[in-house]
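Scroll down for the structure; my scribbles are underneath it.
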Amino acid sequence: MDIRIFGNGLSGGSFFKDGVFKEGGLLDHASALRSVYADAFCAPPWNEGAERAAEFAGRLTGNVRRPGFTAALAVEGREVVGFATAWTTLAPFPTDRCYPQAAAGLGPRRTTEWLCGAREIDELAVRPVARGTGLAGDLLAAVTEGAPGGRSWLLTSVRSPRAVSFYRRQGWTQATHPSPEGRGIVVFLGPRHPARALAPQPL
C-alpha cells in the first residue's frame, strides 16, 4: 500500500516533516476524517455509528483552536486512510467525557504532575484496509514528536484488548489498571514520558 503523509511542514520532523498540521489546516479535510472515523470505529467493540462520527467532525472546529493542537493525516492516492489528533492538556484537569475515570485511577497529584501540560492524544484512526501496515504506529509517532519534555499520554478502553496491546507494542506504559472484565478507561504514558517508570504495575 502506497501511503504518504502530508501537511503544512511545521513539525520539524524527518519522515513526518510534511505530515503534521497545526491550527486550522485540518478543517479542509473534516469530511474525509469523519469517513475514516466511521470506518475505524463502526465495528465491535466500539460500535459507533454515523451520528458519533458526525459529532467527532463537529468537535474539530473547536479542537483545532486548543493550545498545542497538532494532527497527522495519511493518504493513499487521494483517499485519506488514517489520522491522529493531539493537543496540550491544560490545568485544571478536565472533568468532562472520560477524564474523571483517568483522574480517579491516578489520584489528584499524579493527574496534575503527569498529565497536565503534556501532549494528549485525542484520536487515532485508520481504515480497516490500512490495518497491519504500520500506519497507526507512524501516525502516533508523528503527533507525539516534540511533546514537551517527552510527556505524552492517552486514554483507551479495556473493551478493546487490541487497542491496549497495540499501545504496549508501541512502547507505551499502562498507568492505570481497571478490571479487565469491565468497561473502564486506561491511561497510557508515552515512551519518553519521565513518569513511565513510576507507573504502578498490576498486582
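The values are calculated or read from the model by the stated rules, or taken from the named source; none is laboratory data. Keep in mind the model is a prediction, meaning the values are calculated, not measured. A quick note on method: Cβ atoms are made from the backbone with ideal geometry, for glycine too, and the neighbour counts reach across all protein chains shown. The protein model used for the area step is the full one, side chains on, heavy atoms only, and it has no ligands, DNA or RNA in it. Shrake-Rupley method; radii C 1.70, N 1.55, O 1.52, S 1.80 Å.
Neighbours of residue 193 by Cβ distance under 15 Å: Lys/Arg scored +1, Asp/Glu scored -1, total +3. The Cα atoms of the range 109-203 give a gyration tensor whose axes a ≥ b ≥ c have a/c of 1.5 or more with a/b no greater than b/c, which makes the shape oblate.
Estimate the FRET efficiency between residue 28 and residue 79 by the formula 1/(1 + (r/R0)^6), using the beta-carbon distance for r and 22 Å for R0, to the nearest 0.05.
On the way: r = 15 Å, r/R0 = 0.69.
After rounding, the FRET efficiency stands at 0.90.
Ignoring ligands, DNA and RNA, how do 188, 93 rank by accessible area with a 1.4 Å probe, largest first? Can you show the working numbers first?
Details: 188 0, 93 30 Å².
The most accessible residue leads, giving 93, 188.
Over all alpha-carbon pairs in the range 31-109, figure out the percentage whose distance exceeds 14 Å. Result for the distance tail: 71 percent.
Taking label points 7 Å from Cα along the Cα-to-Cβ direction, residue 48 and residue 104 give a separation of 2.1 nm.
For the range 43-116, applying the loop criterion from DSSP together with a ceiling of 16 other beta carbons within 10 Å to the trypsin sites (Lys or Arg not before Pro) yields 65, 78, 97. Computed over protein heavy atoms with a 1.4 Å probe, the carbon and sulfur contribution to the accessible area of the range 81-190 reaches 53%. Electrostatic bookkeeping for residue 55 treats Lys and Arg as +1 and Asp and Glu as -1; over the other residues with beta carbon under 14 Å from its beta carbon, the sum is -1. Under the simplified labelling scheme, the residue 131-residue 91 pair shows an inter-label distance of 4.0 nm, with each label point 7 Å from Cα along Cα→Cβ. If R0 is 35 Å, the Cβ-Cβ spacing of residue 201 and residue 160 corresponds to a FRET efficiency of close to 0.95.
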